1. Name the pairs whose Cβ atoms lie under 7 Å apart, with the first residue in region 18-39 and of a type in the set (A, V, I, L, M, F, W, C), the second in a helix (DSSP H, G or I), and 6 or more positions between them or separate chains?
2. Considering only region 88-140, state which residues are β-branched (Val, Ile, Thr), assigned to a helix (DSSP H, G or I) and within 30 Å of Gly361 (Cβ to Cβ).
3. With the structure loaded, tell me whether Asp227 is modelled with pLDDT under 95, charged (D, E, K, R), closer than 20 Å to Cys131 by Cα and assigned by TED's automatic domain parsing to the domain that holds Thr273 or whether it fails that test.
4. One residue is enough: does region 69-87 have a residue meeting the conditions modelled with pLDDT of 95 or more, touching a Lys or Arg at 6+ places or on another chain (Cβ under 6 Å), crowded, with 21+ Cβ neighbours inside 10 Å and assigned to a loop (DSSP other than H, G, I, E, B)?
5. Here is a check on your reading of the model: is Lys253 more than 16 Å from the chain's Cα centre (by Cα), more than 29 Å from Cys346 (Cβ to Cβ) and either assigned by TED's automatic domain parsing to the domain that holds Ala307 or small (Gly, Ala, Ser) (or both)?
6. Could you go through region 200-215 and let me know if any residue there is part of a strand (DSSP E or B), within 24 Å of Cys131 (Cα to Cα), at pLDDT 95 or above and in contact with a Cys (Cβ under 8 Å, 6 or more places away or on another chain).
7. If I filter region 318-340 for residues that are of a type outside the set (Val, Ile, Thr) and over 30 Å from Pro154 (Cα atoms), do I get at least one hit?
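The values are calculated or read from the model by the stated rules, or taken from the named source; none is laboratory data. This one's a predicted model, so the numbers in the text were calculated from it and none came from an experiment. Note: ideal-geometry Cβ built from the backbone for every residue, glycine included; neighbour counts use all protein chains shown.
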Amino acid sequence: MVHPYVGILVNDSLYAGIPLGNTKYEAIHYYSEAGKVYGVTPCYFRIQDVLIETKRANAYVQLGNTYVRQWIDLPKIIHNRAVYLDQSAYDVLETWTQCGIVLFNRWNRYSKLHIHHILMKDAFIRPHLPCTYLATMSNMKMMMDTYDSLIIKPTNSSIGRGVMKMDRIASKWKLIYPATFKISNRIWRQIRFRKQIPLTLQRKIQNRAYIVQQRLPLATYDGRPFDLRVSVQRGASGEWGITGIVAKVASPKLFLTNFAQGGEIRTLSDILTTQYPLLDQESVYQQMTDFVLRVAKHLSMELPHLADIGLDIGITHDGFPLFIECNGKDQRYAFREAHLLEEWKCTYYNPIAYAKYLLDGGIPVY
């Protein structure tokens, strides 16, 4: 019996590594395992490998222990694991959709401000959101008059790149910012000022779109703030579910919790046990579950074919969940680093299970 193909749309770097067995952070062997469980065959291709006129794709398909590139019929269901930022790519993917292809997580890089505006429409979610504005000069001054600690981040970046922090210290402000916009940046600079926003910050917000937010009152571990990466996915039933939760603790020298920026990976259970023994863990997890599923369902009502996201969620010292941001392409390796290997595997199994659900005629359940 020939199993139907499920497409995995990937970027150039991952595609080049497939025949070499070097797929970096993507454990694609779990897609293969899941394919055997659900009776489908995962295949891998880039946007330029598709001829939409003939509905054919030049894809990598696993044959035995190797991956072979071959022409196949374009799969009816495709899971997008590539990041595209330009309008031309969006137009191409839209063309695929118009040809009857179901591409879930079709677009996975949304402006942080756009996500904020969508979530603000839900009265239940609203109290969990930080005060957020586009970082203009007037908005910066307004936020400085209102809060003592601010976060300034690019609207379209990820893994902590370009994020800055401002704190009021007595009658002055201190700005901490990265020396470069690179992920690998290891040099952080400081400027102290009173009321006049430094030229460095002025130039940054004029040359690139940033948002300014109140700094959330995050709970801490060993004196360092932490937040949670929550994998929220659709699976075999078509409904949203939580695949796993892992904690990211800021490094002793930096305010960012991102693993790529030196953050430390822990389990939430360990943190609650050692740092917050008086909190009812079951209650904390229930609040988290109710909140993140509400966020996922609300976002999926406005963002087409959303099915696989990573939510960054903070909690206060009393366990109240706080929304930080939504990642349309979840970096799943945090579960591996926390030795949550079953959760890590499931982050790959669920998209394949959902693809099978769609192949069988299933309709997304909100």
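1. Within 7 Å, the pairs are Ala27/Tyr348; Ala34/Tyr348; Ala34/Tyr349; Ala34/Ile352; Ala34/Ala353.
2. Quick first cut of region 88-140, residues β-branched (Val, Ile, Thr) only: 92, 95, 97, 101-102, 115, 118, 125, 132, 136.
Cutting the leftovers down to assigned to a helix (DSSP H, G or I) gives us 92, 95, 97, 115, 118.
Passing the criteria: Val92, Thr95, Thr97, Ile118.
3. Details: modelled with pLDDT under 95: yes; charged (D, E, K, R): yes; closer than 20 Å to Cys131 by Cα: yes; assigned by TED's automatic domain parsing to the domain that holds Thr273: yes.
For Asp227, the condition - modelled with pLDDT under 95, charged (D, E, K, R), closer than 20 Å to Cys131 by Cα and assigned by TED's automatic domain parsing to the domain that holds Thr273 - is met.
4. Yes, region 69-87 contains a residue that is modelled with pLDDT of 95 or more, touching a Lys or Arg at 6+ places or on another chain (Cβ under 6 Å), crowded, with 21+ Cβ neighbours inside 10 Å and assigned to a loop (DSSP other than H, G, I, E, B).
5. Numbers: more than 16 Å from the chain's Cα centre (by Cα): yes; more than 29 Å from Cys346 (Cβ to Cβ): yes; either assigned by TED's automatic domain parsing to the domain that holds Ala307 or small (Gly, Ala, Ser) (or both): yes.
Answer is yes for this residue.
6. Scanning region 200-215 turns up at least one residue that is part of a strand (DSSP E or B), within 24 Å of Cys131 (Cα to Cα), at pLDDT 95 or above and in contact with a Cys (Cβ under 8 Å, 6 or more places away or on another chain).
7. Of the residues in region 318-340, the ones of a type outside the set (Val, Ile, Thr) are 318-323, 325-340.
Those left that are additionally over 30 Å from Pro154 (Cα atoms): 339-340.
Yes, because at least one residue in region 318-340 is of a type outside the set (Val, Ile, Thr) and over 30 Å from Pro154 (Cα atoms).
For (1) among the small types (Gly, Ala, Ser); (2) outside the structural domain of Gln331 (by TED's automatic domain parsing); (3) under 27 Å from the mean Cα position of the chain (by Cα), each residue gets a yes or a no:
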site: Val10; (1), (2), (3): no, yes, yes
site: Leu14; (1), (2), (3): no, yes, yes
site: Gly21; (1), (2), (3): yes, yes, yes
site: Glu26; (1), (2), (3): no, yes, yes
site: Glu33; (1), (2), (3): no, yes, yes
site: Tyr38; (1), (2), (3): no, yes, yes
site: Ile52; (1), (2), (3): no, yes, no
site: Val83; (1), (2), (3): no, yes, yes
site: Cys99; (1), (2), (3): no, yes, no
